[in-house]
1. Pick from the range A:44-75 the residues that are assigned to a loop (DSSP other than H, G, I, E, B) and hydrophobic (A, V, I, L, M, F, W, C): which of them is farthest from the other protein chains (Cβ to nearest Cβ)?
2. Is one or more of the residues making up the range B:116-135 part of a helix (DSSP H, G or I), at pLDDT below 95, touching an Asp or Glu at 6+ places or on another chain (Cβ under 6 Å) and crowded, with 16+ Cβ neighbours inside 10 Å?
3. Of everything in the range A:1-43 that's within 14 Å of another protein chain (Cβ to nearest Cβ) and small (Gly, Ala, Ser), which residue is surrounded by the most Cβ atoms within 10 Å (Cβ to Cβ)?
4. List every residue pair whose Cβ atoms lie under 6 Å apart, where the two residues are 6 or more positions apart in sequence or sit on different chains, the first residue falls within the range A:50-62 and is in contact (Cβ under 8 Å) with a residue 40 or more places away in the chain, and the second residue, located anywhere, is crowded, with 16+ Cβ neighbours inside 10 Å and of a type in the set (Asp, Glu).
5. Report whether or not A:Ala69 is within 30 Å of B:Gly184 (Cβ to Cβ) and at pLDDT 70 or above.
6. When the residues of the range A:340-386 are narrowed to those that are more than 7 Å from chain B (Cβ to nearest Cβ), of a type in the set (A, V, I, L, M) and under 17 Å from A:Val313 (Cα atoms), which ends up surrounded by the most Cβ atoms within 10 Å (Cβ to Cβ)?
7. Give, as residue ranges, the strands (runs of 3 or more DSSP E) completely inside the range A:256-348 that count at least 3 residues that are under 14 Å from the mean Cα position of the chain (by Cα).
8. Considering only the range B:158-165, I want to know if a residue exists there that is closer than 13 Å to A:Arg385 by Cα, in a helix (DSSP H, G or I) and touching a residue at least 40 places away in the same chain (Cβ under 8 Å).
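The values are calculated or read from the model by the stated rules, or taken from the named source; none is laboratory data. None of these values were measured; they are calculated from a predicted model. Here the Cβ is made from the backbone with ideal geometry for all residues, glycine too, and neighbour counts use every protein chain on show.
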Amino acid sequence: MNTKHYKEKFSEYINHELPKEERQEMAEHILVCEECRAEHDQVKLGAGLASMLRQADAPPGTWNEIETAMATGAKSRFSFFDLRVLAFGFGSLVIVIGLGMMVYFALLRGDTAPIAKSGPPVIAPAQNTTNPPVVVPSPPETTAANINVPSDTFPAKVTPKQPPAVEPPNKLQPKSGPAVTPATWNFETIAGAPKVGDSSEDGKLAVGDFLETDGASRARIEVADIGNVEIEPNSRVRLVNTSSKQHRLSLEVGTLQAQILAPPRLFIVDTPSAVAVDLGCAYTLEVDKAGNSKLHVTSGYVALERGGRESIVPAGAVCFTRRGKGIGTPFFESATPALEAALLKFDFDRGGSASLAKVLTEARAEDTLTLWHLLPRVQKSERERLFDVLNSYVAPPEGVTREGVLRLDKKMLEAWRIEMENLWFS
Amino acid sequence: MMESVHLMTQNLTERDLLAECRNGSREAMQALFVENQRRVFSVARNFFGGNDDLAKDITQQVFLKLLTKLDVFRGDAEFTTWLYRITVNTCVDETRKLRRFLNFGDFFGESEPRVNHGQDERIHSGEISDEVQHAIAGLKPKFRLPIVLKYSEGLSYAEIAEVLECSIGTVSSRLNRGHKMLAGKLEHLRNEVN
């Protein structure tokens, strides 16, 4: 009996690309090897699906347009001055300018640390559902080797080396005097006339104070000495708490953009449907009048937490929450519209297996972020499919088994998530 | 005009047709287009998940490049290999250019999926094909291209290797992985496959 496995050659076998003798050997082997037979079945299914591709003719008039282009001497419709290239170039310029301003602002404040992508986020176990855990920073030197997973909730919580139980690093201290957390936060008007209570003057925001902007107003609030939050028009925020251990804001409605240079979990924003826990990042958080929210992370990580469920949202990703329905599944902003729509239906409108199937169809390598978060949110039979699709993009690292993932072993899940990050940020 | 184009495609060899194109014959160029447009459009359309507009743009780009660079084609490879290669490169270039920006509107409140297939609905074969096409478009280009060239265009592994300028082993490996990814994404269609 031939004990050699042929896993890499099933495509050739199915498409009759192998020499006759080798084909015969493979056929005999498939009959007796369960592992290869299963693999063969998968490849055969994929080939059968791919064979459904059809050819099609170019629409009428295509040649006329080519002829016109040739006659006018146009080299290509998509020259350097293509509008999309221009839009991309402009967008890139805006991003570069924005980053430059962030660095300038940081230097101006005496903080020389760049906003680095955090390592694996640190999430202390949730104490209870009404008092979400403190955001704990993830130190830059955190590595995968330092990960351990203490909590019973999912996704698996990641803790780096235990953070020091001391004041934040010197770079986060105010320039002059001892480290003092102010009892009020300064705010300034960017546009219009934001109001604090009945006042519309630039000034200070004390604990319990509301700051409200109308359609023409914007404000910037200095979050103690760790960063700032820009309040967009038609928004209402309240300062809940400020201390050396935690700075907490409540966003009732509207949009804020946060840029925080601090250890993770020092800055928290409450919304009616979830708590946004800063893990060392920049992000935009929007809350509508119904209390639903949308988080868009532009740097680092943010954890959204509520009711024992958690979504870890990295840079470039978005996550929705719905009041009364909980936290959605994060997805990259580059995901297809069809994936987003199917995911929203799955998360909030009982989309079930049909929506999940659509998500799997639409998923690309980067969308393993989404698929990984779905693992604990589906039935076991669907989890097996999720595993197979994830496996096709990123093989589980050593020590992570299919059985362990299917039973939601937290250490294995976390180890695999770290492997997937290579796809997310490449 | 169309009659003469038709006669050209019937009576001239590929080499003669190319020679006529180089001489500036518009009829020959159109004949070349008629003969090959289906290949180019199909590759582009299947590469981009059934996007007809994008496929048409790609087709126009390819033929503009082709007809303005005929002198570059030395005849040391099959013309169709060269044509596929230009098409593939143009598709990949377009992928790099395409950027999608998040739509910040309409995400609160109701959001309906664009396609809704309930599991208990009968799925028309055309819809299945669209779903397959869409799933293939979700693969990375290095896995997508061999699948499109093999199953849309019927190329052999050796021909695919020549178009993609890689080894047959690489083609085989990428097709193997691409098949498995497709099977994982579309397991629910197993019963629809003959």
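1. So, considering only residues that are assigned to a loop (DSSP other than H, G, I, E, B) and hydrophobic (A, V, I, L, M, F, W, C), the one farthest from the other protein chains (Cβ to nearest Cβ) is A:Ala74.
2. Yes: one or more hits.
3. In this case the residue turns out to be A:Ser11.
4. none
5. no
6. So, considering only residues that are more than 7 Å from chain B (Cβ to nearest Cβ), of a type in the set (A, V, I, L, M) and under 17 Å from A:Val313 (Cα atoms), the one surrounded by the most Cβ atoms within 10 Å (Cβ to Cβ) is A:Leu343.
7. Once the strands (runs of 3 or more DSSP E) in the range A:256-348 are filtered for at least 3 residues that are under 14 Å from the mean Cα position of the chain (by Cα), what remains is A:275-278, A:282-287, A:293-299, A:301-306, A:309-314, A:317-322.
8. no
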